[in-house]
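The values are calculated or read from the model by the stated rules, or taken from the named source; none is laboratory data. No experiment lies behind these values; they were computed from the predicted model shown. Here Cβ is always computed from backbone atoms with ideal geometry, including for glycine, and neighbour counts include all displayed protein chains.
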Amino acid sequence: MAIPSAVLAAGWIPFVVVIVLTFLFSVAYVRYYMSKYDSEVSSTIAAILALTVTLLTSALVPVDIFLVSYMKTSDGGFKEWANNSATRTSLEESVLYGYFTLYAIITFCLFLLLPFMYFFYEEKDENSTCKSRCCSSLKYMIVFVIIVAALLLIGAFVPTRVVPNANQTEWKNIELLFKDLASNGGEDSLSFVISCLSLLGMLALVTYTAYGMSALPIGLIKGHKGAKEEMLVVQSKREENESRRQALKEKYSRRKRLSGRNEQQFSDIDENNHLMERQERLLQKKERSCLQKCLLVLRPFEMLFGFLFLLIALLIFISLLLTNIDKAMHSLGYKLGYALPRRHLPNPIDIVLVLCQQVFPLDYILMVGVIAYFIFCSMSGIRNIGVWFLWIRMYKIRPRHTRPQGLLMLCMIMMFIVLAINIVVYELTPQYSSFGSQVYIANYTDPTSNTTSHKTEPCSTEVKDSCVITRMALLLTRFFYKMWFFGAAYYWLTWVFLGIYLFGFVVAVVKRKRSAIDGEVDEDDFDESDEDLIRA
């Protein structure tokens, strides 16, 4: 029986809507942060496309969960159109090809497109031509090509754990994971590359998202400093600076020539004065702005959203904590990547999503909301921390002042983080992200009366033929079995994520309120920004 058009429409039409919204969001986000004075069309387009593909990778997860859940009825049986295994397989393969396509595009962006555009912009100068810039970029890009080729070869030929014999006890734990999807070198090769990238993404998730989950809600609750109050502070600092300059001038007035140290002192004071003048002009403009006066009326709603986001962060923290404890107690062990056949401890987010699936599309909206929350927290963390290489700060992410290289690096980090988010979502909602609301009919035999009773139970990996696992969960758990190191690393990095969140929460609470002109002025701004401020 063919797949009903209503099923395809319910599963894929929301995804098409998400594609459009994601593209519009990517355009708005990149244009909001791109520099007004130092930008290039090629870098901007590359950043928009990369960010769109990145976000779509997570948007496919709710579609995957919906389709497998919609195959079964509430009493545990397959719907009429899903009784045929060939029909189910065709639907599952369409989702699987979607994952492979998006993952392949992400690999292309990370190793080819973004590095090429990064070095293409780096080679820009007055005497350069498009041809010379392309040649120089291709030279640098060879390194990335070698890296991805090496990873693909390692993934294809490195010895992996073989599937156990069907007669062995271990087979019962993983039968459902292997019976529908044959293993091949191409899949293992791509899975290895994505797993390596996801591992880097987990490090970025621990660094940026964990702090962003604290900084975003606390920042909304605290709000910004008052423009008028902050302007008085800036004016007071300017007066102190002028007094210091005058004192130094009187002290060295008799000298015909100043030493290098003295000249540096005067230079530092002048730079500080210049910076504070720009801050004062912006604060005056902010104070007179009608928009800012209107935003004061919306301040209670900002606090309300702050408390709401804080509640979501606490629910995510509790759910991840309970899942990790559950895995420590009931998982199949590190040799199976800490796979959890069924949930034993109550998980608030997992339970709510499973229950909400009874009312379409409530669970779809909530799941998209959870993923979007992770993404916004990641973006907030990157903006607060900036782009670093070890102890060196490479780029600051600031509205209308981010250089093209910074935008490309932002998109690259977000690609890593989104790959990790897919894994964290699986950790956060083990039951929902694996089987949705699927149930099966379990048979129980009473030993005393020798009678058999029937009861519906939530699906798990221990059940064969009666449940359909999502393609995301299937790919993850199968690869975790073959290369247990990745599953174990993700599990322990989740503990680190929880610890960094608590540390970030303390930092966000202690940290002072944000400036009224937060991110709008900095000591390393371009000279053109001064002219723009003077005209304003």
Mind checking which residues of segment 117-142 are in a helix (DSSP H, G or I), more than 29 Å from the chain's Cα centre (by Cα) and within 13 Å of GLU40 (Cβ to Cβ)?
-> CYS130, ARG133
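Can you pull out every residue in segment 427-437 that is on the phi < 0 side of the Ramachandran plot, in a loop (DSSP other than H, G, I, E, B) and crowded, with 24+ Cβ neighbours inside 10 Å? Spell out how you get there, then give the answer.
Residues of segment 427-437 that are on the phi < 0 side of the Ramachandran plot, as a first pass: 427-435, 437.
Cutting the leftovers down to in a loop (DSSP other than H, G, I, E, B) gives us 429, 437.
Result: THR429, single match.
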Evaluate segment 320-342: report whether one residue or more is in contact with a Cys (Cβ under 7 Å, 6 or more places away or on another chain) and surrounded by fewer than 15 Cβ atoms within 10 Å (Cβ to Cβ).
-> no
Scanning segment 343-369 for residues that are surrounded by fewer than 22 Cβ atoms within 10 Å (Cβ to Cβ) and β-branched (Val, Ile, Thr) gives ILE351, VAL352, VAL359, ILE365, VAL368
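Could you say which residue among TYR364, TYR373, TYR338 is under 23 Å from ILE194 (Cα atoms), of a type in the set (Ser, Thr, Tyr) and either in a loop (DSSP other than H, G, I, E, B) or modelled with pLDDT under 85 (or both)?
Numbers: TYR364 fails: under 23 Å from ILE194 (Cα atoms); TYR373 fails: either in a loop (DSSP other than H, G, I, E, B) or modelled with pLDDT under 85 (or both).
Unique residue meeting the criteria: TYR338.
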Scan segment 484-504 and report the pairs whose first residue is under 17 Å from PHE192 (Cα atoms) and whose second residue is charged (D, E, K, R) and not in a helix (DSSP H, G or I), with Cβ atoms within less than 9 Å and a gap of 6+ or a chain change.
-> TRP484/ARG161
The one condition in (1) outside any helix (DSSP H, G or I); (2) at pLDDT 85 or above that SER39 fails to fulfil | (2)
Inter-residue pairs, beta-carbon under 7 Å, first on the phi < 0 side of the Ramachandran plot and in segment 80-97, second surrounded by fewer than 17 Cβ atoms within 10 Å (Cβ to Cβ) and not in a helix (DSSP H, G or I), 6+ apart | GLU80/MET1; TRP81/MET1; TRP81/PRO4; ASN84/MET1; THR87/MET1
Positions within segment 44-72 being touching a strand residue (DSSP E or B) at 6+ places or on another chain (Cβ under 9 Å), surrounded by fewer than 24 Cβ atoms within 10 Å (Cβ to Cβ) and part of a helix (DSSP H, G or I), in sequence order | THR44
Residue match in segment 223-230 (condition: closer than 30 Å to CYS459 by Cβ, at pLDDT 55 or above and part of a helix (DSSP H, G or I)) | no
Answer residue from segment 373-426, given it is of a type in the set (Phe, Trp, Tyr) and farther than 19 Å from ILE312 by Cα and is surrounded by the fewest Cβ atoms within 10 Å (Cβ to Cβ) among those | TRP391
Scan of segment 356-405 for residues that are under 17 Å from GLY219 (Cβ atoms) and small (Gly, Ala, Ser), ordered by number | SER378, SER380, GLY381, GLY386
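State which residue is surrounded by the most Cβ atoms within 10 Å (Cβ to Cβ) when the search covers only segment 467-516 and only residues that are in a loop (DSSP other than H, G, I, E, B) and touching a Gly at 6+ places or on another chain (Cβ under 7 Å).
From segment 467-516, those in a loop (DSSP other than H, G, I, E, B) are 467-470, 483, 511-513, 515-516; that's our starting set.
Keeping just the survivors that are touching a Gly at 6+ places or on another chain (Cβ under 7 Å) gives 513, 516.
On the way: LYS513: 13, ALA516: 21.
So the residue we want is ALA516.
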The correct count of residues that are within 19 Å of the chain's Cα centre (by Cα) and hydroxyl-bearing (Ser, Thr, Tyr) in segment 469-512 is 4
